[in-house]
Amino acid sequence: MKNTLVIIFFLMTVSLSSFAQQQKTEKLEKEKEVSLPQQYREIVTGILSKIPDAASSKVSQMMDFAKSLLGTRYRYASSNPEKGFDCSGFVTYVLKQFGFSGARSSVDYAAKGKTIKLADAKVGDVLVFTGSNAKIRRPGHVGIIYSIDQDGNIKFIHSSSGKAKGVTITDLEGYYKTRLMKAVTVVE
(Lines give C-alpha, C1' and ligand atoms only; values in the text may rest on other atoms or scores of the structure.)
Protein backbone atom coordinates (compact mmCIF):
# COMPACT_ATOMS: atom_id res chain seq x y z
CA MET A 1 0.00 0.00 0.00
CA LYS A 2 2.88 2.33 0.83
CA ASN A 3 4.45 1.56 -2.50
CA THR A 4 1.19 2.40 -4.25
CA LEU A 5 0.97 5.72 -2.43
CA VAL A 6 4.58 6.55 -3.28
CA ILE A 7 3.94 5.73 -6.93
CA ILE A 8 0.76 7.82 -6.96
CA PHE A 9 2.58 10.67 -5.21
CA PHE A 10 5.45 10.41 -7.73
CA LEU A 11 3.06 10.41 -10.71
CA MET A 12 1.18 13.40 -9.32
CA THR A 13 4.42 15.32 -8.78
CA VAL A 14 5.56 14.56 -12.31
CA SER A 15 2.13 15.49 -13.67
CA LEU A 16 2.02 18.75 -11.71
CA SER A 17 5.57 19.57 -12.74
CA SER A 18 4.71 18.85 -16.37
CA PHE A 19 1.51 20.92 -16.06
CA ALA A 20 3.45 23.82 -14.50
CA GLN A 21 6.04 23.65 -17.31
CA GLN A 22 3.25 23.64 -19.91
CA GLN A 23 1.61 26.66 -18.24
CA LYS A 24 4.95 28.49 -18.22
CA THR A 25 5.51 27.67 -21.91
CA GLU A 26 2.00 28.86 -22.80
CA LYS A 27 2.55 32.07 -20.86
CA LEU A 28 5.81 32.72 -22.74
CA GLU A 29 4.06 32.00 -26.07
CA LYS A 30 1.29 34.46 -25.20
CA GLU A 31 3.87 37.10 -24.30
CA LYS A 32 5.52 36.53 -27.68
CA GLU A 33 2.14 36.84 -29.40
CA VAL A 34 1.53 40.13 -27.63
CA SER A 35 4.99 41.55 -28.37
CA LEU A 36 5.24 40.27 -31.95
CA PRO A 37 2.39 42.44 -33.23
CA GLN A 38 3.99 45.44 -31.52
CA GLN A 39 7.30 44.66 -33.23
CA TYR A 40 5.43 44.17 -36.49
CA ARG A 41 3.69 47.52 -36.07
CA GLU A 42 7.03 49.22 -35.46
CA ILE A 43 8.55 47.64 -38.56
CA VAL A 44 5.56 48.56 -40.73
CA THR A 45 5.55 52.11 -39.35
CA GLY A 46 9.23 52.42 -40.19
CA ILE A 47 8.69 51.18 -43.73
CA LEU A 48 5.67 53.41 -44.30
CA SER A 49 7.52 56.46 -43.04
CA LYS A 50 10.04 55.98 -45.85
CA ILE A 51 7.41 55.97 -48.58
CA PRO A 52 7.04 59.47 -49.98
CA ASP A 53 3.74 61.26 -49.54
CA ALA A 54 3.51 61.39 -53.34
CA ALA A 55 2.65 57.69 -53.34
CA SER A 56 -0.93 58.56 -52.44
CA SER A 57 -1.05 61.92 -54.18
CA LYS A 58 -2.60 63.24 -57.33
CA VAL A 59 0.63 62.43 -59.21
CA SER A 60 0.35 58.76 -58.26
CA GLN A 61 -3.25 58.70 -59.42
CA MET A 62 -2.18 60.44 -62.61
CA MET A 63 0.45 57.76 -63.29
CA ASP A 64 -2.10 55.01 -62.69
CA PHE A 65 -4.41 56.74 -65.16
CA ALA A 66 -1.62 57.15 -67.71
CA LYS A 67 -0.70 53.48 -67.32
CA SER A 68 -4.32 52.51 -68.02
CA LEU A 69 -3.81 53.98 -71.51
CA LEU A 70 -0.87 51.70 -72.36
CA GLY A 71 -1.29 50.25 -75.83
CA THR A 72 -3.52 53.05 -77.13
CA ARG A 73 -2.43 53.46 -80.73
CA TYR A 74 -0.41 56.34 -82.13
CA ARG A 75 -2.31 58.91 -84.16
CA TYR A 76 -0.77 62.12 -85.42
CA ALA A 77 -2.32 65.36 -84.08
CA SER A 78 -4.81 63.55 -81.83
CA SER A 79 -5.57 63.82 -78.14
CA ASN A 80 -8.57 61.48 -78.33
CA PRO A 81 -8.11 58.06 -76.66
CA GLU A 82 -10.70 56.50 -78.96
CA LYS A 83 -8.74 57.50 -82.07
CA GLY A 84 -5.22 57.43 -80.64
CA PHE A 85 -2.64 59.92 -79.41
CA ASP A 86 0.36 61.72 -80.71
CA CYS A 87 2.99 62.41 -78.04
CA SER A 88 1.76 65.81 -76.90
CA GLY A 89 -1.87 64.75 -77.31
CA PHE A 90 -1.25 61.94 -74.82
CA VAL A 91 0.53 64.21 -72.31
CA THR A 92 -2.15 66.88 -72.66
CA TYR A 93 -4.98 64.35 -72.25
CA VAL A 94 -3.46 62.83 -69.10
CA LEU A 95 -2.66 66.18 -67.48
CA LYS A 96 -6.06 67.63 -68.37
CA GLN A 97 -7.83 64.80 -66.51
CA PHE A 98 -6.13 66.06 -63.35
CA GLY A 99 -6.77 69.76 -63.81
CA PHE A 100 -3.55 70.79 -65.55
CA SER A 101 -3.74 72.52 -68.92
CA GLY A 102 -2.13 75.19 -71.00
CA ALA A 103 0.05 73.33 -73.46
CA ARG A 104 -0.77 71.19 -76.47
CA SER A 105 2.45 70.75 -78.47
CA SER A 106 6.00 69.78 -77.59
CA VAL A 107 6.99 73.39 -78.33
CA ASP A 108 4.32 74.59 -75.86
CA TYR A 109 5.63 72.28 -73.13
CA ALA A 110 9.19 73.49 -73.76
CA ALA A 111 8.08 77.13 -73.54
CA LYS A 112 5.40 77.05 -70.81
CA GLY A 113 6.75 74.50 -68.38
CA LYS A 114 9.15 75.54 -65.62
CA THR A 115 12.56 74.17 -66.62
CA ILE A 116 14.22 72.00 -63.97
CA LYS A 117 17.45 70.03 -63.78
CA LEU A 118 17.00 66.39 -64.69
CA ALA A 119 18.47 65.47 -61.31
CA ASP A 120 15.65 67.43 -59.65
CA ALA A 121 12.90 65.99 -61.83
CA LYS A 122 10.18 63.92 -60.23
CA VAL A 123 7.38 61.62 -61.29
CA GLY A 124 4.78 63.62 -63.22
CA ASP A 125 7.25 66.08 -64.73
CA VAL A 126 7.40 66.34 -68.52
CA LEU A 127 10.45 65.47 -70.60
CA VAL A 128 10.94 67.45 -73.80
CA PHE A 129 12.89 65.78 -76.61
CA THR A 130 14.03 66.79 -80.06
CA GLY A 131 12.23 65.29 -83.01
CA SER A 132 13.62 62.03 -84.42
CA ASN A 133 16.77 63.85 -85.59
CA ALA A 134 18.72 64.62 -82.41
CA LYS A 135 20.99 67.05 -84.30
CA ILE A 136 18.10 69.46 -84.85
CA ARG A 137 17.68 70.84 -81.36
CA ARG A 138 14.02 71.82 -81.62
CA PRO A 139 11.24 70.32 -79.49
CA GLY A 140 9.55 67.46 -81.26
CA HIS A 141 8.52 64.89 -78.66
CA VAL A 142 7.30 64.81 -75.05
CA GLY A 143 6.63 62.23 -72.37
CA ILE A 144 5.79 62.13 -68.66
CA ILE A 145 8.25 60.80 -66.09
CA TYR A 146 6.63 57.57 -64.93
CA SER A 147 9.17 56.36 -62.38
CA ILE A 148 12.59 57.10 -60.95
CA ASP A 149 14.37 54.27 -59.17
CA GLN A 150 16.77 54.62 -56.25
CA ASP A 151 19.72 54.79 -58.66
CA GLY A 152 18.14 57.72 -60.52
CA ASN A 153 17.14 55.71 -63.60
CA ILE A 154 14.10 57.26 -65.24
CA LYS A 155 11.24 55.61 -67.09
CA PHE A 156 8.79 57.77 -68.99
CA ILE A 157 5.38 57.13 -70.48
CA HIS A 158 4.61 58.55 -73.91
CA SER A 159 2.89 57.92 -77.21
CA SER A 160 5.50 56.81 -79.68
CA SER A 161 5.33 56.81 -83.46
CA GLY A 162 8.33 54.44 -83.44
CA LYS A 163 8.28 50.67 -83.17
CA ALA A 164 5.94 50.73 -80.14
CA LYS A 165 3.30 52.53 -82.26
CA GLY A 166 1.38 53.90 -79.31
CA VAL A 167 1.43 54.55 -75.59
CA THR A 168 4.37 52.81 -73.99
CA ILE A 169 6.82 53.08 -71.10
CA THR A 170 10.45 53.59 -72.07
CA ASP A 171 13.76 53.85 -70.22
CA LEU A 172 15.49 57.22 -70.54
CA GLU A 173 18.68 55.91 -72.08
CA GLY A 174 20.45 55.58 -75.42
CA TYR A 175 18.38 57.01 -78.26
CA TYR A 176 16.04 59.01 -76.05
CA LYS A 177 18.85 60.25 -73.79
CA THR A 178 20.58 61.80 -76.84
CA ARG A 179 17.33 63.51 -77.85
CA LEU A 180 16.50 64.89 -74.39
CA MET A 181 16.36 68.67 -74.37
CA LYS A 182 15.03 69.38 -70.90
CA ALA A 183 12.70 68.47 -68.09
CA VAL A 184 9.86 70.78 -67.14
CA THR A 185 7.43 70.92 -64.25
CA VAL A 186 3.84 71.58 -65.10
CA VAL A 187 2.38 69.94 -61.99
CA GLU A 188 2.96 72.04 -58.87
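Here are the numbers for this structure:
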quantity: Charge dipole magnitude, Cβ of K and R +1, D and E -1 - the range 60-140, Cα centre, debye nearest 20; calculated: 260
quantity: With 5 Å bins from 0: P(r) over the range 54-162, alpha-carbon pairs, percent; calculated: 2, 13, 23, 26, 22, 11, 4, 0
quantity: Cα gyration tensor category, rounded, prolate or oblate, for the range 126-183 with a/c compared to 1.5; calculated: oblate
quantity: The range 55-188, accessible area per residue, ligands and nucleic acids excluded (1.4 Å, Å²); calculated: 53
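The values are calculated or read from the model by the stated rules, or taken from the named source; none is laboratory data. Quantities reported herein were computed from a predicted structural model and do not represent experimental measurements. Cβ sites come from the backbone with ideal geometry, for glycine too, and all protein chains shown count toward neighbours. Surface accessibility is based on the protein's heavy atoms, side chains included, excluding ligands, DNA and RNA. Shrake-Rupley method; radii C 1.70, N 1.55, O 1.52, S 1.80 Å.
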